[in-house]
Amino acid sequence: MAQTLLRRLRSNLGFASELVSRQLEASFALRGAFWLSVVLMFVNDLIFFSTWWILMARFGHVGGWRLDDMMCLYGITAAGYGLCVVVAGGISDLSRRIDEGDLDAFLTQPKSVLVQALASRTQPAGWGDISVGVGLFALSGKVQLETVPALLIGVLCAFTTFVACGIVAHSLAFWFGRTQTISRALWEFTLMFSMYPPALFGSGLRLVLFTLLPAGLVSYLPVELLLHPSWGALGAALGGSLAYAAFAVWLFEQGLRRYASGNRFTVRG
Amino acid sequence: MSGAYGKYLAIARAAFWQRLSERAALIGRIAFYCLILLVFSCVWRTIFSAPDAPGADGEQAAQRAGDYVWYLALTEWIMLSQPTLYLDIESDVRTGDIAYQLARPLSYVGGKLAEGIGDLLLRMLTLAPFGLLFARLFSGQWADGRGLALAALVGVAAALLLLLCYAAIGLCAFWLHDCTPVYLVWQKLLFVLGGLMVPLSIYPGWLQTLARRLPFASMLYGPGQLVSSPDAGRALELLLELGAWLVLAALLVLGLERRGRRVLELAGG
């Protein structure tokens, strides 16, 4: 059982990496558009982060979080989100594909439908987010050689949770049909909350942020791992992200059983 | 004369009722409005409840935190009410639909603006009661009635100016085809130099001086600060300032349309 699962996972990862590299080649081909998207997203993120710089310059800290801590929190969120839209850019229109019966073409292939749908597109702007993440980590002064593994694991956890959250939000379309607006909103609200320190929110809201909108798994646990590395923090960050990812895959597969074809005749190159 | 205005009025009215039927988009904006006010009420409460917060003691601190929530409620009301007019114009230019619309017995950009005004009014009317409700809920206090009335009046003028700016951005499609980069740069400048989330009075001195000299401040910071500091003289000053910018923006829009039509005639629709 475990061996079958492992083989399936390895095969899907190999297939996903092939799909992603083809998508990346395609996006690099349009060089002008690629760099414009990257630079604009970079500027966009920096301007957004400037709000924190203004607040910290005036008040020193927000709930004990100083500018360098915020750089780590924002850096993990930006890098995780950037990786998500670069590697799994198809996530943003997954609910539309489900609703319009657009998964038909993927169902005919002998590979995972989910992997194909997610890696069917890449968003070059994600590289801008990744660059901002890397820049903020460097500026924060919190990243040393010995904390690099914690940082990489943190970013991977953020990436995994963003993808999983997108799958959960967009899979609602299997049951409720046209959910594009609500699915996208749930995903974007998770992104929004993950950019603010957990110290701001009370216990009730924090419960929501570890379940319905998993901002806690996206950034709070990974940043805790980076700022205060421990086995406990590692277990919480990894365990939380992997459990949420497993739930997302399970939910998508349950939904796929209810999927109705779009009865369309299309040709894929 | 009344017939000429009647056409535009009919377009505005039709856009108003058409957008009213698009409930999902409206609900999405209301939900975002609620969340952004919730998050920032947490930010301000945390900042002012800290023992080392500048000039903060008990009731006064809560009052200041509440004032900032009302400020944000007003600035976000102006921003979230904006229709995506630039995308509509861009799409008309890119698809060539503009060629058919130019044949109609009315100004193309006038028609688009009338449509945008109908949409804008609907959003402002819909979001206003929710803004009052959320701001009262999250700030724990009511704003001064006179301040709200003055801010709303100036806010409507600011929203109209923003709409004209979006039309000008959309008309850039005659030369650029994709206006999103221009829009993103404009939007982020407005966020920071207009004081969307954080009032300019909190900014470092040099940035405050710079921001106050640019038109962005009169669009967001100006009406926002009237909520907590009602001043009829200041409101009149802002209305005159916005009026002058409105005239300039209208001239810019007309000039862009005229030049754009020439490009269209030379290159073909």
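A short reminder: the numbers here are calculations on the coordinates, not readings from a lab. This structure is a prediction, so every number in the text was calculated from the model and none was measured. Here the Cβ is made from the backbone with ideal geometry for all residues, glycine too, and neighbour counts use every protein chain on show.
Summing Cβ point charges (Lys, Arg +1; Asp, Glu -1) relative to the Cα centre of the protein assembly as shown gives a dipole of roughly 920 debye. Exposure proxy shown here: for B:Met219, B:Met124, A:Met195, the number of other Cβ atoms within 10 Å sets the order, fewest to most, as B:Met124, A:Met195, B:Met219. Relative contact order of chain A: 24 percent, from C-alpha pairs under 8 Å at least 6 residues apart in sequence.
Taking 16 Å as the straight-line reach from the Cα of B:Lys112, the aspartates and glutamates in range (excluding those fewer than 8 positions away in the same chain) are B:Asp88, B:Glu90, B:Asp92, B:Asp97, B:Glu257. The residue among B:Leu127, A:Gly135, B:Cys42 whose Cα reaches farthest toward the positive pole of the charge dipole of the protein assembly as shown, with charges on the beta-carbon of Lys, Arg, Asp and Glu, is B:Leu127. Determine the shape class of region B:167-218: with a ≥ b ≥ c the square roots of the Cα gyration tensor eigenvalues, call it rounded for a/c under 1.5, and otherwise prolate if a/b is greater than b/c, oblate otherwise. Prolate shape, in that a/c is at least 1.5 and a/b is the bigger ratio.
For chain B, relative contact order (Cα pairs under 8 Å, six or more residues apart, normalised by length) works out to 26 percent. Relative to the dominant Cα principal axis of chain A, helix A:231-256 is inclined by about 30°. The mean count of C-beta atoms from other chains within 10 Å of the C-beta of residues in B:37-47, rounded to a whole number, is 5. Ordering A:Phe48, A:Pro197, A:Ile153 by Cα displacement along the dipole of chain A toward the positive end leaves A:Ile153 in first place; charges were set at the Cβ atoms of Lys, Arg (+1) and Asp, Glu (-1).
Compared with the dominant principal axis of the Cα atoms in chain B, helix B:180-194 is inclined by about 30°. In this structure, B:Leu248 and B:Trp175 have a Cβ-Cβ separation that, at R0 = 22 Å, corresponds to a calculated FRET efficiency of about 0.60. Is the shape of the protein assembly as shown best called rounded, prolate or oblate, per the rule: a/c under 1.5 gives rounded, else a/b larger than b/c gives prolate, else oblate, with a ≥ b ≥ c the square roots of the Cα gyration tensor eigenvalues? It is oblate, given that a/c is not under 1.5 and a/b is not larger than b/c. Label positions at B:Leu214 and B:Thr95, each projected 7 Å from the Cα along the C-beta direction, are separated by 3.4 nm. At an R0 of 25 angstrom, the distance between the Cβ atoms of A:Phe210 and B:Cys34 translates into a FRET efficiency of 0.80. Once both axes come from the Cα atoms, what is the angle between helix A:125-140 and the longest principal axis of chain A, in degrees from 0 to 90, rounded to 10? Long axis of A:125-140 versus the principal axis of chain A: about 20 degrees. Cross-link partners for B:Lys7 among the aspartates and glutamates, with Cα-Cα distance under 13 Å and sequence neighbours closer than 8 places in the same chain left out: B:Glu115. According to the square roots a ≥ b ≥ c of the eigenvalues of the Cα gyration tensor, what is the shape class of region A:1-87, taking rounded for a/c under 1.5, prolate for a/b larger than b/c otherwise, and oblate for the remainder? Verdict is oblate for region A:1-87.
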